[in-house]
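> Below you will find the structure I want to go over with you.
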Amino acid sequence: EDQVTQSPEALRLQEGESSSLNCSYTVSGLRGLFWYRQDPGKGPEFLFTLYSAGEEKEKERLKATLTKKESFLHITAPKPEDSATYLCAVGGGGNKLTFGTGTQLKVEL
Amino acid sequence: DTAVSQTPKYLVTQMGNDKSIKCEQNLGHDTMYWYKQDSKKFLKIMFSYNNKELIINETVPNRFSPKSPDKAHLNLHINSLELGDSAVYFCASSQPGQGAKVLTFGAGSRLTVL
């Protein structure tokens, strides 16, 4: 069974304080590692897909990287508007995504 | 606006009642999903339909019955509601192909069973 574990569960940063979120996974036949952002009271919003080890993608202050066992979401010089829950998911067989429980990020002034 | 829209956003009901949540997408996607998010933020797939055909049916009590009248709509009917059904239910859609699992989610429907 596909499994996704995210750490830490919660992270509090000062504005400008860079950090990384971790997503460890086990899957039989990876068909994509996905990062989503979820704001309170809203549905998850797609950020990145990574397909193979060594791949990296960037968007503004976010950079996602992938190895054979884990993915990192690096946040450089975060701002308060980056506060959200970040969800990681793996695509296995069929059209199914298996999600982790997320990292709740709060960026303070 | 192009989106996945679901109604109602909030639903409060008594145990034993029957309720429905409706979902519509105008993105032209072929595949639609229902996910359940519990109090610990864990998102778990319940059902998936591709062009009105059921393709994923996870271990969900048969009190939950999805219906897809056309590929733009996917509704969820829940019979005999139980306390444990309280959660946020998300509808999502995607296109097939390599990008099949890039899901576009609705805003969620928070179900509270008293």
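Every number in this text was worked out from the coordinates using simple rules, so none of it is lab data. If you're wondering where the values come from, they're calculated on a predicted model, not measured in any experiment. In this analysis, Cβ positions are derived from the backbone assuming ideal geometry, glycine residues included, and neighbour counts consider all displayed protein chains.
> Among the listed pairs A:59/B:67; A:96/B:40; A:57/A:106; A:69/A:96; A:57/B:67, which have their C-alpha atoms separated by more than 30 angstrom in this model?
Listed pairs above 30 Å: A:59/B:67; A:57/B:67.
> Give the aspartates and glutamates whose C-alpha is closer than 17 Å to that of residue B:41, dropping any in the same chain fewer than 8 places away, or say none.
A:9, A:39, A:45, B:85
> I need the semi-axes of the equivalent ellipsoid of the range A:40-98: take the C-alpha gyration tensor, multiply each eigenvalue by 5, square-root it, list largest first in whole angstrom.
21, 17, 8
> If you average the sequence gap of Cα pairs under 8 Å that are 6 or more apart and divide by the length of chain A, what percent do you get for the contact order?
It rounds to 38 percent for chain A.
> For the pair residue A:3 and residue A:83, what calculated FRET efficiency results from E = 1/(1 + (r/R0)^6), where r is the Cβ-Cβ distance and R0 = 25 Å, to the nearest 0.05?
0.40
> Moving to a separate point now. For chain A, set up a Gaussian network in which alpha carbons nearer than 10 Å are linked by springs, and say which option among A:99, A:34, A:46 fluctuates the most.
Of A:99, A:34, A:46, the most mobile in the Gaussian network model is A:46.
> Compare the Cα positions of A:3, A:47, A:22 along the charge dipole of the range A:3-108 (+1 at Cβ of Lys, Arg; -1 at Cβ of Asp, Glu; about the Cα centre) and return the one farthest towards the positive end.
The Cα lying farthest towards the positive end belongs to A:3.
> Let me ask something else about it. Just list whichever of A:79/B:44; A:68/B:36; B:19/B:71; A:42/A:68 have alpha carbons separated by over 24 Å in the model shown.
Those over the limit are A:79/B:44; A:68/B:36; A:42/A:68.
> Any idea what % of Cα-Cα pairs in the range B:4-113 are farther than 17 Å?
49
> Now a separate question. I want to check the label-to-label distance for residue B:54 and residue B:40. Put each point 7 Å from Cα in the C-beta direction and report it in nm to one decimal.
2.8
> For the modelled label position 7 Å from the Cα of residue A:14 along Cα-to-Cβ, which residues of the range A:60-98 have backbone nitrogen atoms closer than 19 Å?
A:75-83
> If you plug each phi of the range A:37-45 into the Karplus form 6.51 cos²θ - 1.76 cosθ + 1.60 with θ = phi - 60°, what whole-Hz ³J(HN,Hα) values come out, in order, with x for Gly and Pro?
Along the range A:37-45, the couplings run 10, 10, 8, x, x, 10, x, x, 10 Hz.
> Roughly how large, in nm² to one decimal, is the mean projection of the convex hull of the alpha-carbon atoms in the protein assembly as shown?
So the mean shadow area of the Cα hull is 12.1 nm².
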